[in-house]
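Each remark here refers to the structure printed beneath this line.
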Amino acid sequence: MAENTQPDYDKPGDEGEERIKVICLGDSAVGKSKLVERFLMDGYKPQQLSTFALTLFTHTTEVDGKKVTVDFWDTAGQERFNSMHPSYYHQAQACILVFDCTRKITYKNLPEWLKDLRTYRPEIPCLCAANKIDEDMSMTQKTFAFAKKHSMPFYFVSAADGTNVVKLFRDSIRAALAYKHNSTDFMDEIMKELENFELDPKYNSKLNQDGTQRNGKDSPDEEDVDREAKDDKNNTTDTGQS
Amino acid sequence: MADTLQLLKCGVRFEPPTLVLSYKDWKSGKLRRRSMPLRNFNKNTGIDRIIEDLNSNPRHSRFIRLLSSAQLQRLLTIVKDKLSGLSLEASIARNNAMDTINPEENLNRVDPETLQRKKLIMDTSFEQKRKKPGDPDFQYNVEVDFETAVVETSGWDSEESDMDF
Ligand SMILES: Nc1nc2c(ncn2[C@@H]2O[C@H](COP(=O)(O)OP(=O)(O)O)[C@@H](O)[C@H]2O)c(=O)[nH]1
Ligand SMILES: [Mg+2]
């Protein structure tokens, strides 16, 4: 059973710290593994859960002064079966949904992945990322309706040159924590963060066109809350070795 | 030590199975050819093992390094196809298909060998675009806000009725 090998994400970790689970989804070869590796940086040895075709990257960070242990779950080729083993979704608190902006088919398959996700985790926050923008920067000037339609925050990223990778993962950590703490507005928080970039009135005309804004409000109706996940790559721990 | 060798051509011979590289040695200015016999290679041999052997062979590794992983994998696959009785034409066609990225092709449905080959092709451009620690312009956190740019539709949403979208 999965329970023998999976940590229990509803319980605190060994040192009483918060534990969360963030999963990556998307087609084969969109760059899910490269994105996780870029966030955690080189030299990181993941833990293989041999029972299932998946890889687990454990990362320790601090959010609002509190220690948090985050497990990023990555597939190890299970995408080939077009859906994941239920244990992959078990207790996940956030999902990063990735497509490859050089391959349209991977965008077209997003609804399938979302459907699979929602079968097991109807409510968890999901963040959408268009990877490989380094291959074609003109893609960053285009709109992709999927994320907006499903009220997901949207990120243009590149695992190769690092663009927005850290932001994507830090946001996913915050979303997972907010979900875990039963906050009803976890997504709103991220949406507002994104809107804060747009405070300059001359940018407001662009609101709502790229899926990063939920409802195209001109300004946030709340103060900018400093909830930055204080990530530090030196903080990364490797449970695979212990 | 900077390598003075520049790869010009690579190919294979079938009898006996041999990897052949022609290269220029800039130190001497000479054009040279290097033949590397692929010993104990039969239709059941794993290509990964052959690659390991070549890389760990002190006489060959310097030349093997001149090839990209994608090139090496391709050449050895052509030899293996031949050993398995496939015609050269059929093998080249099959290898060309594996080495081509088609944006409409669903890579969830291809066999593991094809997926690995396509990833090797993708790796080549990934490595070109890559910024890694130690590079002068490397930064861990790179945040770019693209929303200020002029926005047009991707065209990826339009053609179907998009029930799910
Ligand atoms: N140019 C470029 N290539 C990438 C990027 N991310 C991944 N790749 C390439 O895409 C291929 C698939 O990446 P991988 O992480 O294995 O995808 P996964 O199957 O979704 O885990 C690899 O060959 C990478 O070299 C990126 O940001 N830019
Ligand atoms: Mg992967």
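The values are calculated or read from the model by the stated rules, or taken from the named source; none is laboratory data. A quick note: this is a predicted structure, and the numbers were derived from the prediction, not measured. Neighbour counts are summed over all protein chains in view; Cβ atoms, including those assigned to glycine, are modelled from backbone coordinates with ideal geometry. Only protein heavy atoms, including side chains, enter the accessible area calculation; ligands, DNA and RNA are left aside. Shrake-Rupley method; radii C 1.70, N 1.55, O 1.52, S 1.80 Å.
May I ask you to give the solvent-accessible area per residue for segment B:5-125, in square angstrom, as obtained with a 1.4 angstrom probe?
Using a 1.4 Å probe on heavy atoms only, each residue of segment B:5-125 averages 57 Å².
What residue among B:Asp123, B:Asp48, B:Asp99 shows peak mean-square fluctuation when chain B is described by a Gaussian network model with Cα springs under 10 Å?
Of the options given, B:Asp48 has the highest mean-square fluctuation.
How much of the accessible area of segment B:5-125, probe 1.4 Å, is carbon plus sulfur, in whole percent?
The computed percentage sits at 50.
List the residues, sorted by chain then number, that are 5 or more residues from A:Leu127 or on another chain and whose placed amide H is less than 5 Å from its amide H.
Long-range HN contacts for A:Leu127: A:Cys95, A:Ile96, A:Leu97.
Using 7 Å Cα-to-Cβ label points, what is the B:Ser69/B:Asp123 separation (nm, one decimal)?
For the pair B:Ser69/B:Asp123, the computed spacing is 0.2 nm.
How much accessible area is lost when chains A and B come together, counting both sides, with a 1.4 Å probe, in Å² rounded to the nearest 100?
Roughly 4700 Å².
For the pairs B:Lys80/B:Lys118; A:Lys21/A:Lys142; A:Lys32/A:Lys108; A:Lys34/B:Lys129; A:Lys104/A:Lys149, flag any whose C-alpha to C-alpha distance is greater than 21 Å.
Checking Cα-Cα distances, A:Lys21/A:Lys142 exceed 21 Å.
In nm, give the distance between the simple-model label positions of B:Ala93 and B:Asp48, each being 7 Å from the Cα along the Cα-to-Cβ direction.
The modelled label-to-label distance comes out at 3.0 nm.
Would you mind getting me the FRET efficiency between B:Arg109 and B:Ser84? Use the beta-carbon distance for r and R0 = 22 Å, nearest 0.05.
0.40
Most mobile of B:Glu143, B:Glu104, B:Glu15 per a Gaussian network model of chain B (Cα springs, under 10 Å)?
B:Glu143
Using a Gaussian network model of chain B whose springs link C-alpha atoms within less than 10 Å, name the residue from B:Asn106, B:Asn44, B:Asn95 with the highest mean-square fluctuation.
Maximum among the listed residues: B:Asn106.
With unit charges on the beta carbons (Lys and Arg positive, Asp and Glu negative) and the dipole taken about the Cα centre of chain B, which residue among B:Gly134, B:Gly85, B:Asn102 sits farthest to the positive side?
Value computed over the given set: B:Gly85.
Return the average number of partner chain Cβ atoms within 10 angstrom of each residue Cβ along peptide B:120-133.
Partner Cβ neighbours, averaged per residue: 4.
Could you work out the mean count of beta carbons from other protein chains within 10 Å of each residue's beta carbon in B:105-113?
5
Please report Rg over Rh for segment B:45-133, where both radii come from the alpha carbon positions and Rh follows the Kirkwood definition.
The Rg/Rh ratio comes out at 1.00.
Roughly how many whole Å is it from the C-alpha centroid of segment A:11-32 to that of segment A:59-119?
The distance from the Cα centre of segment A:11-32 to that of segment A:59-119 comes to 8 Å.
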